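The values are calculated or read from the model by the stated rules, or taken from the named source; none is laboratory data. Note that the coordinates shown come from a computational prediction; the quantities given were computed from them, not determined experimentally. Because the Cβ atoms are built from the backbone with ideal geometry, glycine has one as well, and the counts that use them run over all protein chains shown. Note: accessible area is taken over every heavy atom of the protein model, side chains too, but ligands, DNA and RNA are not part of it. Shrake-Rupley method; radii C 1.70, N 1.55, O 1.52, S 1.80 Å.
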Amino acid sequence: MSYVPAQDRYTRMPYRKCGKSGLKLPAISLGLWHNFGEDTPHSTKRAICQAAFDNGITHFDLANNYGPPAGSAESAFGEILRTDFAGYRDELIISSKAGYRMWDGPYGEWGSRKYLIASCDQSLKRMGLDYVDIFYSHRFDPETPLEETMMALDHIVRSGRALYVGISSYNSARTREAAAILTELGTPCVIHQPSYNMLNRWVETDGLKDTLQDLGIGSIAFTPLAQGMLTGKYLGGIPDGSRAVQGKSLDPAKITPEAVENIRALNDIAKRRGQTLAQMAIAWVLRGGGITTALIGASKPEQVIDCAGAVGNLEFTDAELAEIDQHAVDQPINLWAKSSETE
């Protein structure tokens, strides 16, 4: 039976203006970093995407190296575009990125014009698209002039390969430099994608969050659930099939008795708010309007539905925020700190 999206999908989700641009993004976006490679049944990927769209999630975030193997997430999403989402392209925001290793040799990663443009072309081919809505520099390249990386992004827009450009995991100082170059080129930076959650607040200490507001750049926070730590998943130990077991992105050594105790306290706060811990964690990232959209991942559609429920309560009292701060102890889980300019 053909998929028909929920008729009331646009009443379920608020949409927020992305910086100074005319682009609006759903408060919650779906990332295909995990669970969209060849290690996941295609039926599960379809169900996850359908649940997202049914709940008003119109933004689907990818990168050239998502898998495994690298590229397979874009290929899988391309198939979903041709089947389930056929006829809905203009209702979707689709983004991709390039910066991490994608192929062998000196031109297969980082931020050169050679790599970025070739990567964008490959991503479009895998997804069967003429253009993506947003294309990012996935990480700052210390060995390539920043002007070259930004000029490549400008060319990608001017050549019709993307409508908007963004950067990911650049620190505050590098963000100001990149934004100034893009503004001069006439292709403004509309969005930044940093890691950010209760346990990883580098965007606050670095000043990036304030910088983005000052420059009028939108933001999409990835890992708002701290790779699953800010859910109820680990309250009873490390479950089979979790990221900590799979070794994908969460070190099981981080699941200490002290961490679990703090997470349990945060879960109690969420219950008092009438939310799951995941919903409260997402609402916290979105608090005050400083972040445009929270980027979630999911291994099953039920997780998407739960996360989408966060929009039902995005407000916090000062007392709640203070209590959260007592238990949201900073963890060394900024995944991009050693390979980017977030240090």
Checklist entry - Counting only residues that are touching a residue at least 40 places away in the same chain (Cβ under 8 Å) and out of contact with any helix residue (DSSP H, G or I) (no Cβ under 8 Å at 6 or more places or on another chain), which one in segment 174-199 is farthest from Pro224 (Cα to Cα)? => result Val190
Item to check | Subset of segment 17-50 (residues that are of a type outside the set (A, V, I, L, M, F, W, C), in contact with a Pro (Cβ under 9 Å, 6 or more places away or on another chain), surrounded by 16 or more Cβ atoms within 10 Å (Cβ to Cβ) and within 23 Å of Ile291 (Cβ to Cβ)) | outcome: Gly19, Ser21, Pro26
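Which residues, taken from segment 59-83, are part of a loop (DSSP other than H, G, I, E, B) and either in contact with an Asp or Glu (Cβ under 6 Å, 6 or more places away or on another chain) or not hydroxyl-bearing (Ser, Thr, Tyr) (or both)?
If we filter segment 59-83 for residues that are part of a loop (DSSP other than H, G, I, E, B), which is where we start, we get 62-71, 83.
Hits for segment 59-83 are Leu62, Ala63, Asn64, Asn65, Gly67, Pro68, Pro69, Ala70, Gly71.
Residues in segment 145-178 that are open to solvent by 10 Å² or more (accessible area, probe 1.4 Å) and over 16 Å from Ala118 (Cα atoms): how many?
11
Please work out if Arg16 is under 30 Å from Gly216 (Cβ atoms) and either part of a loop (DSSP other than H, G, I, E, B) or not hydrophobic (A, V, I, L, M, F, W, C) (or both).
Working: under 30 Å from Gly216 (Cβ atoms): yes; either part of a loop (DSSP other than H, G, I, E, B) or not hydrophobic (A, V, I, L, M, F, W, C) (or both): yes.
Yes; evaluated as a whole, the condition is true for this residue.
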Checklist entry - Quick one: which helices (runs of 4 or more DSSP H) sit completely within segment 151-268 and have at least 2 residues that are at pLDDT 95 or above? => result 172-185, 202-205, 208-215
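Just for segment 90-100: of the residues that are within 20 Å of the chain's Cα centre (by Cα) and among the charged types (D, E, K, R), which one is surrounded by the most Cβ atoms within 10 Å (Cβ to Cβ)?
Taking segment 90-100 first, the residues within 20 Å of the chain's Cα centre (by Cα) are 91-100.
Imposing the further condition that a residue be among the charged types (D, E, K, R) reduces the set to 91, 97.
Numbers: Glu91: 12, Lys97: 26.
Ranking the qualifying residues of segment 90-100, first place goes to Lys97.
Condition first: in a loop (DSSP other than H, G, I, E, B), touching an Asp or Glu at 6+ places or on another chain (Cβ under 7 Å), free of Cβ contacts under 8 Å to residues at least 40 places away in the same chain and surrounded by 19 or more Cβ atoms within 10 Å (Cβ to Cβ). Now tell me which residues in segment 101-134 satisfy that. Step through it out loud before you land on a result.
Our first condition is that a residue be in a loop (DSSP other than H, G, I, E, B); within segment 101-134, this holds for 101-112, 128-131.
Within this subset, residues satisfying the condition of being touching an Asp or Glu at 6+ places or on another chain (Cβ under 7 Å) are 101-102, 110-112.
Adding the requirement that they be free of Cβ contacts under 8 Å to residues at least 40 places away in the same chain leaves 101-102, 110.
Within segment 101-134, Met102, Trp110 meet the criteria.
Looking at Arg139, is it touching a Ser or Thr at 6+ places or on another chain (Cβ under 8 Å), over 29 Å from Thr183 (Cβ atoms) and either basic (Lys, Arg) or without any contact (Cβ under 8 Å) to a residue 24 or more places away in the chain (or both)?
Working: touching a Ser or Thr at 6+ places or on another chain (Cβ under 8 Å): yes; over 29 Å from Thr183 (Cβ atoms): no; either basic (Lys, Arg) or without any contact (Cβ under 8 Å) to a residue 24 or more places away in the chain (or both): yes.
When the stated conditions are applied, Arg139 does not pass them.
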Checklist entry - Within the set of pairs 6 or more residues apart or between chains, which connect a residue that is more than 21 Å from Gln275 (Cβ to Cβ) inside segment 208-234 to a residue that is among the basic types (Lys, Arg) with Cβ atoms less than 6 Å apart? => result Gly216/Lys20
Checklist entry - Which of the following residues is modelled with pLDDT of 95 or more, acidic (Asp, Glu) and within 30 Å of Glu204 (Cβ to Cβ): Glu143, Glu148, Glu79? => result Glu143
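Going by what's in this entry, would Arg82 be described as closer than 24 Å to Gly297 by Cβ, open to solvent by 30 Å² or more (accessible area, probe 1.4 Å) and under 21 Å from the mean Cα position of the chain (by Cα)? Please lay out each step first, then the result.
Details: closer than 24 Å to Gly297 by Cβ: yes; open to solvent by 30 Å² or more (accessible area, probe 1.4 Å): yes; under 21 Å from the mean Cα position of the chain (by Cα): no.
Answer is no for this residue.
If you scan segment 269-308, which residues turn out to be part of a helix (DSSP H, G or I) and farther than 27 Å from Gly67 by Cα? Outline the logic, then answer.
Within segment 269-308, the subset part of a helix (DSSP H, G or I) is 269-272, 277-289, 301-308.
Within segment 269-308, Ile269, Ala270, Lys271, Arg272, Leu277, Met280, Ala283, Trp284, Leu286, Arg287, Gly288, Gly289 meet the criteria.
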Item to check | Residues of segment 1-57 classified as under 25 Å from Leu286 (Cα atoms), of a type in the set (Phe, Trp, Tyr) and in contact with a Phe, Trp or Tyr (Cβ under 8 Å, 6 or more places away or on another chain), total | outcome: 2
